[in-house]
Amino acid sequence: MQHAIVRHDWTLSQVKELFEQPFNDLLFQAASVHRQNFKPNEVQISTLLSIKTGACPEDCKYCPQSGHYKTDLERERLMEVEKVIEQAKLAKDKGATRFCMGAAWSDPKDRDMPYIEQMVKGVKELGLETCMTLGMLDNHKAHALKSAGLDYYNHNLDTSAEYYEQIITTRTYQDRLDTIDHVRDAGMKVCSGGIVGMGEEAKDRFGLLMSLANLPQQPESVPINMLVKVKGTPLENVDDLDHFEFIRTIAVARIMMPKSYVRLSAGRTAMNEQMQSMCFFAGANSIFYGDKLLTTENPEADADMQLLKKLGMKPETHQDYSDEAYEASLSSAIADKETAGLFYEAR
Ligand code: SF4
């Protein structure tokens with residue numbers, strides 16, 4: 001089928017056409033592309049830990065971690081390496097195959113690098129894939145992280161190039177593209193997506209997906225976040241995005257980036273089971289797992305496992321993660337609702 005081909009020459013009007021087709025046609029097309037490229041009943045599971053929280057010098061208007069806004073968030077310094085590795089072990093026991101570590105920085109400083117590199121090495125030794133989101137990266141730091149064993153780097157484009165300045169003024173769209181370039185040059189995989197429901201117009205959602213799909217190499221992971229409105233941030237009172245528009249965004253992302261993992265990310269607490277299921281049908285095949293996403297709520301880990309079971313879906317198998325391990329993880333998740341300290345970044 002023609003849409004399984006990875007294209008880098010999408011135009012805005014072609015993206016609009018995809019978005020605006022009848023809902024069922026769009027879902028059918030997206031589900032078909034999904035089935036051609038992935039096992040349709042498997043979901044990749046990532047866990048995210050905030051390794052340094054709050055007081056970020058950037059002014060992303062959606063983010064409670066920005067030092068520019070007054071939110072109830074408690075600031076935390078860079079976590080100790082051992083504590084990070086403990087959390088990674090817990091995440092692995094709960095079924096995560098990828099461990100993402102997020103720091104609220106504009107960019108990592110030289111003095112932080114030795115700790116960061118130790119974290120990557122320690123988590124990697126557990127047999128987990130490693131991902132970090134630390135802000136902007138220059139070429140040198142990108143290579144250092146790659147040498148430490150980092151598999152993925154997350155750096156979202158957030159929105160369209162046109163709407164971007166309404167959301168962030170402390171760094172440019174081009175800064176973001178440059179960081180993605182450095183990550184690629186160093187040989188790491190890219191995790192990059194955006195946030196919808198920030199008061200943008202439909203054309204900005206088209207533009208975001210077009211920018212992502214038209215990168216020289218499409219990101220291996222594409223997180224699609226629904227804005228979580230946090231009190232004290234400039235977007236706290238923005239209008240809700242219609243849920244069908246969100247599902248359409250997932251479906252179009254799946255069609256345009258057929259080989260990428262499309263991740264249902266922040267905002268899942270506002271989605272009922274039926275909506276999440278529709279997102280899976282539309283091609284979402286990755287979730288963050290744990291009670292918190294950096295600083296915002298996320299469905300409880302056991303609720304996720306139970307939903308997957310209801311749908312006859314299961315976590316993507318990876319290395320030693322067998323069916324038996326899945327069953328054990330499911331029972332343990334149901335028995336133990338506590339998954340402390342797991343957070344998500346909506347960078
Ligand atoms: S999204 Fe990231 S870069 Fe932006 S303010 Fe929050 S922590 Fe800082």
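Within the set LEU212, LEU208, LEU177, the sole residue that is under 20 Å from the mean Cα position of the chain (by Cα), in a helix (DSSP H, G or I) and within 26 Å of ASN272 (Cα to Cα) turns out to be LEU208. When segment 80-102 is limited to residues that are at pLDDT 85 or above and either of a type in the set (Phe, Trp, Tyr) or assigned to a loop (DSSP other than H, G, I, E, B) (or both), the one that is nearest to GLU129 (Cα to Cα) turns out to be PHE99. Would you point out the residue of segment 30-60, among those that are in contact with a Ser or Thr (Cβ under 6 Å, 6 or more places away or on another chain) and either near the ligand (Cβ under 9 Å from one of its atoms) or part of a helix (DSSP H, G or I) (or both), that is nearest to MET257 (Cα to Cα)? Selected residue: CYS60. Among the residues of segment 142-179, what is the count of those that are more than 14 Å from the ligand (Cβ to nearest atom), touching a helix residue (DSSP H, G or I) at 6+ places or on another chain (Cβ under 7 Å) and of a type outside the set (A, V, I, L, M, F, W, C)? Qualifying residue count for the region: 4.
Select from segment 208-225 the residues that are within 15 Å of THR11 (Cβ to Cβ), free of Cβ contacts under 8 Å to residues at least 60 places away in the same chain and surrounded by 24 or more Cβ atoms within 10 Å (Cβ to Cβ) and list them in ascending order. Answer for segment 208-225, where residues must be within 15 Å of THR11 (Cβ to Cβ), free of Cβ contacts under 8 Å to residues at least 60 places away in the same chain and surrounded by 24 or more Cβ atoms within 10 Å (Cβ to Cβ): LEU208, LEU212. For segment 238-283, a tally of residues being farther than 24 Å from GLY312 by Cβ and in contact with a Gly (Cβ under 6 Å, 6 or more places away or on another chain) returns 2.
If you go through segment 258-274 and keep only what is touching a Phe, Trp or Tyr at 6+ places or on another chain (Cβ under 9 Å) and in a helix (DSSP H, G or I), you end up with just ARG268.
For VAL230, the conditions (1) at pLDDT 95 or above; (2) within 19 Å of the chain's Cα centre (by Cα); (3) assigned to a loop (DSSP other than H, G, I, E, B) all hold with the exception of (1).
Just to verify a result, which residue in segment 97-137, among those that are among the acidic types (Asp, Glu) and under 19 Å from the mean Cα position of the chain (by Cα), is farthest from the ligand (Cβ to nearest atom)? Among those residues, the one meeting the criterion is GLU129.
Pairs are defined by a Cβ separation below 6 Å, a sequence spacing of at least 6 or placement on different chains, a first member in segment 182-196 that is in contact (Cβ under 8 Å) with a residue 24 or more places away in the chain, and a second member that is among the polar types (S, T, N, Q) and outside any helix (DSSP H, G or I); the pairs so defined are CYS191/ASN154; CYS191/SER221; SER192/ASN156; GLY193/ASN156; GLY194/ASN156; GLY194/THR159; ILE195/ASN225.
The values are calculated or read from the model by the stated rules, or taken from the named source; none is laboratory data. Just so we're clear, the structure is a prediction, and the values are computed from it rather than from any experiment. Counting neighbours? That spans all protein chains shown, and the Cβs are built from the backbone with ideal geometry, glycine included.
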